[in-house]
Amino acid sequence: MENQIKVCQNCKKDFVIESEDFNFYEKIGVLPPKICSECRAQLRLSFRNERVFYKRPCGKCSKDMVSMYSLNKPYKVWCYDCYFADDWDASDYGILYDSNRPFLEQYENLLKIVPKVGLIYMRSPNSQYTNISADNKNCYMIVESSNNENCINCYWIQVSKDLVDCSFTNKVELSYEVDDCYDCHNLKYAKGCHSCLDSSFMLDCRNYNDCFGCVSLRGQKYNIFNIPHTKEEYEKFIKEIKLDTTSGVEKMQKQFEEFILKNPRKYAEIIQGVNSNGNYIKSARNCNNCFHCYDSEDCKYGVHTWRNAKDCMDVDTAGRNAELIYNTINAGIDTSRQIASSVCWSSTYANYSSYCFNCNHVLGCIGLRKKDYCILNKKYDKETYEKISKEIINKMKEEGIWGDFLPNYMSAFGYNETPANEQFPLKKEDAILRGYKWEDTERGTYKKETIIWDNFPESINDLPKDFNVTKEVFVCLNCEKNYRIIIDEFSFYKRMQIPIPRNCPECRHAKRLEKRGPNKLWHRKCMKEGCQNEFETSYAPDRPEVIYCERCYQQEVY
Ligand SMILES: [Zn+2]
Ligand SMILES: [Zn+2]
Ligand SMILES: [Zn+2]
Ligand SMILES: [Zn+2]
């Protein structure tokens, strides 16, 4: 098949289905999409609540718990212990498929009655406040993260240890306010760094240690704003700038941001990306339109494809061995052959299903564990399963919807609770007009602070001897919401000599994410005089940065 231009049935803009896309659709057996890749991403994201949490009692044991479902949501929501106990089975809620009614309507009914888990995490001792995560230890408020230890307020971190306020790290230790870093130790305020040690305010650097405020640096020591110094000069400078104080950090932040704009930026963060485009790509082959993608192959329109993702298309998070995955949210941990499913781990042939673990051949199932050949949570023998599922698939193909994600009204969440609102912000009226839900429940408190920043010590070293962080309520200078700091977080600040942050964790997270740029590409030209190279970049044409192609950028590296 040749490339085809279609009109998106949602936003009415033209979009292209490339010939290779048709091959993939054929391989996985779905109809080509009727809406563009951006609208597809927006729809999927509106089904996931990553970090908007509420307190509510467990629907089974009544214990207080943290949940992504607000109290007004009409579901049975259970705590981790009740949900993962062996005294119940989601197949008890199974319903017989009725061939006279639309399949998705029946799936929607099932979605309403099967108990849900407050937050979804697994094998994570002492890590109750973690969501969409697995195999973490002693972690607090981390989301979308696996195999970490002692991490607090982090997003999308893997195999990392002792982090606070970090995102998109892999094998990073003892670091603060770090984004998109790999194999690093003891960094503060760093982004896009690989194999680096003991440094602060660094951007896009490799193999350095003891450096400050550098951009595009390679294998250096004792550099300050990209200028080499002696060890003594460097140490004197670090002492003088007082990074243990709020004003010291703010001053350097400003200086560093000005310095960044004087240096050309590479069009995208792509390292060992063979035939790949998007942003934040490392060790990838044939990955197109992918954002935050590492150790991946043959993926397209993916956000977070990682740790051996192969042949995945239209996915939000697919990794830890994921293959042939289409139009899904969070497919991971030895998994393959999924269509339009959410949070199905270690499962194969899982279509239009959610929260199924270690299941094979499930269609329209919710919350099953170690089950095979089920439809709408009801178990069948292999032959009957194949007969009924064929009937359902054929009907959905006739309706032209097999492969489409679920319609937006089926989401359990308000649009404003989901990352769709981060990537594609909508006002309440617009969201509702487009069929999304909206959540009006107020979260957090205001004006309950016990700390007044005006007379609060600048340095973490100057706090009164009897200062008890767990008793204090802080106020965010940005959104005015109250927040707390847990004891482990405080100990980390003390150990790392970091001033107590004056923004709430949510604002800190939002700021880091904003700096990453949108998951969107513009076709632009290299800005180096005389260069004719063109590329796809996430830097919108009106951005202030000077954007170079790979070749011109490499000439600027120190
Ligand atoms: Zn569209
Ligand atoms: Zn419970
Ligand atoms: Zn805030
Ligand atoms: Zn160039």
Checklist entry - At I238 and E422, where each label point lies 7 Å from the Cα along Cα→Cβ, what is the point-to-point distance in nanometres? => result 3.2
Checklist outcome for this item: Taking Cα atoms, the helix 505-516 axis meets the longest principal axis of the chain at an angle in degrees (rounded to 10) of 90
Next on the checklist: Can you give me the distance in nm between label points at D86 and K448, each placed 7 Å from the Cα along the Cα-to-Cβ direction?
Outcome noted: 4.0
Item to check | Simple spin-label estimate for R551 and K379 in nanometres, 7 Å along Cα-Cβ | outcome: 6.3
Checklist outcome for this item: Relative contact order as a percentage, the chain, C-alpha pairs under 8 Å and 6+ apart, gives 10
Item to check | segment 195-215 residues near the modelled E536 label - backbone nitrogen below 20 Å, point 7 Å along Cα→Cβ | outcome: none
Next on the checklist: Could you tell me how far the Cα centroid of segment 258-300 sits from the Cα centroid of segment 11-50, in Å?
Outcome noted: 21
Item to check | FRET efficiency for E108 and M527, using Cβ-Cβ distance with R0 set to 56 Å, rounded to 0.05 | outcome: 0.65
Checklist outcome for this item: Given 4 °C, 1.567 mPa s and a Kirkwood radius over Cα pairs, the Stokes-Einstein diffusion coefficient of the chain in µm²/s is 52
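What does the highest-first list of 65-75, 44-54, 260-270 look like by mean Cβ count within 10 Å?
44-54, 260-270, 65-75
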Checklist outcome for this item: Quick calc, M410 & D462: beta-carbon distance into FRET formula, R0 51 Å, rounding 0.05, result 0.45
Checklist entry - Rounded to the nearest 0.05, what FRET efficiency is calculated for K55 and R434 with R0 set to 35 Å and r the Cβ-Cβ distance? => result 0.70
Checklist outcome for this item: Rounded to the nearest 10 degrees, the helix 103-113 long axis (Cα) sits at an angle to the longest Cα principal axis of the chain of 60
Item to check | Percent accessible area from carbon and sulfur atoms, the chain, protein chains only, probe 1.4 Å | outcome: 48
Checklist entry - Hey, what's the chain come to in accessible area per residue, 1.4 Å probe, Å²? => result 44
Next on the checklist: For the chain, take the longest principal axis of its alpha carbons; what is the angle in degrees between that and the long axis of helix 246-262, to the nearest 10 within 0 to 90?
Outcome noted: 80
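The values are calculated or read from the model by the stated rules, or taken from the named source; none is laboratory data. From a predicted model like this one, the values you see are computed outputs, not experimental measurements. Cβ sites come from the backbone with ideal geometry, for glycine too, and all protein chains shown count toward neighbours. These area figures cover heavy atoms from the full protein model, side chains too; ligands, DNA and RNA do not enter into them. Shrake-Rupley method; radii C 1.70, N 1.55, O 1.52, S 1.80 Å.
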